[in-house]
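Read-outs throughout are calculated quantities, based only on the coordinates presented, and are distinct from any laboratory measurement. Source: prediction; values computed, not measured. Using ideal geometry, Cβ is built from the backbone for each residue, glycine included, and neighbour counts are taken over all protein chains shown.
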Amino acid sequence: MHLLETDGTHLRKSNDRTAGGVYSPAWARGGIASALSLEVNYYRVALKNAIDSVPGTLTLNRCAFLGDAVSCANITRASNGDVTGINGTLQNLNAINTEGLDGTFTYRSTAIRGGTIGLTANAAYLLKYDVNPPAALNAPTQHCVGTERCLATDQAFPRFKLNSTLDWSSIPFGASFTARYISAVYENDGHRMEAAFYGDVQFYFSPSWMDHKVRLTAGVNNVFNTAPPACDTCDSANFDPTTYDLPGQFGYARLSYAF
């Protein structure tokens, strides 16, 4: 699929390719499962003239080591020569090329003691995320998979991510456990940010004496109190808040009524 878009001066062109399939066997339904399916999708997106900012470190290196006039013009210095700012104005980059696999597994059992057991898993495997700086910089392609701050912002590009939920549900009550996994990434200085595993639990109760119209839900996110991996180069408080949970556990309760 080809998509065209313009900002008035540059034409942005996207070339997308996707393929996927779903397997949902009829033999499983009504026997060991009320629902069972596996879905796998492949995608590849090539975007030309994508809007993004040039990383500050790349601008500094181009100016300091190659004397590139375009890069040097984007650096502000004090009278003593110290760098006081770098112009990170959004520009039309040459291209962003990304490629990956997404998978979803869904299972729901038949009735067991008035309830059902369910398992869902959503996995994402990033094969490629490459960014080309503007042609005027004549700079190498940045390979972002498995890195942190590849684009000079607090953002990780983990190769693998997984969200999975196991639950037991009935009309009056239920419980669930959600596991979230983010694979390890590396900063530009070579520091390894270890993989992160989070666990969330949730319970609900809906009494029959109120015709199951009232539901009390309570839960705790990050029940294992997993700390985000330390980030040496992040702008925030030594971790990446765009990818990882804030430190500490988070508890909540919710009361709802169905009219």
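Quick notes on this one:
- Considering only GLY114, GLY20, GLY199, the mean-square fluctuation computed in a Gaussian network model of the chain, springs between alpha carbons under 10 angstrom, is largest for GLY114.
- Rg over Rh for the chain works out to 1.09, using Cα positions for both radii and the Kirkwood form for Rh.
- Phi-derived couplings, Karplus 6.51 cos²θ - 1.76 cosθ + 1.60 at θ = phi - 60°, listed residue by residue for region 19-36: 8, x, x, 10, 10, 9, x, 5, 5, 7, 6, x, x, 8, 8, 8, 7, 8 Hz, with x used for Gly and Pro.
- Computed from backbone phi with θ = phi - 60° and the Karplus coefficients 6.51, -1.76 and 1.60, the 3J(HN,Hα) list for region 122-130 is 10, 10, 9, 10, 8, 7, 7, 8, 10 Hz; x is used for glycine and proline.
- At R0 = 22 Å, FRET efficiency that the Cβ-Cβ distance of SER169 and ALA123 yields, to 0.05: 0.45
- 222 nm mean residue ellipticity, helices alone, for the chain (DSSP H n ≥ 4; -39,500 (n - 2.57); rounded to 500): -1500 deg cm²/dmol
- Amide proton proximity set for LEU127, modelled H, under 5 Å, gap of 5+: GLU99, GLY100, LEU101
- Lysine pairs in the chain whose alpha-carbon atoms fall under 20 angstrom of each other, counting only those eight or more residues apart or on distinct chains, come to 4.
- Converting phi to 3J(HN,Hα) with the Karplus coefficients 6.51, -1.76 and 1.60 and the offset θ = phi - 60°, region 112-121 yields 10, 6, x, x, 9, 9, x, 9, 10, 9 Hz in sequence order, with x at every glycine or proline.
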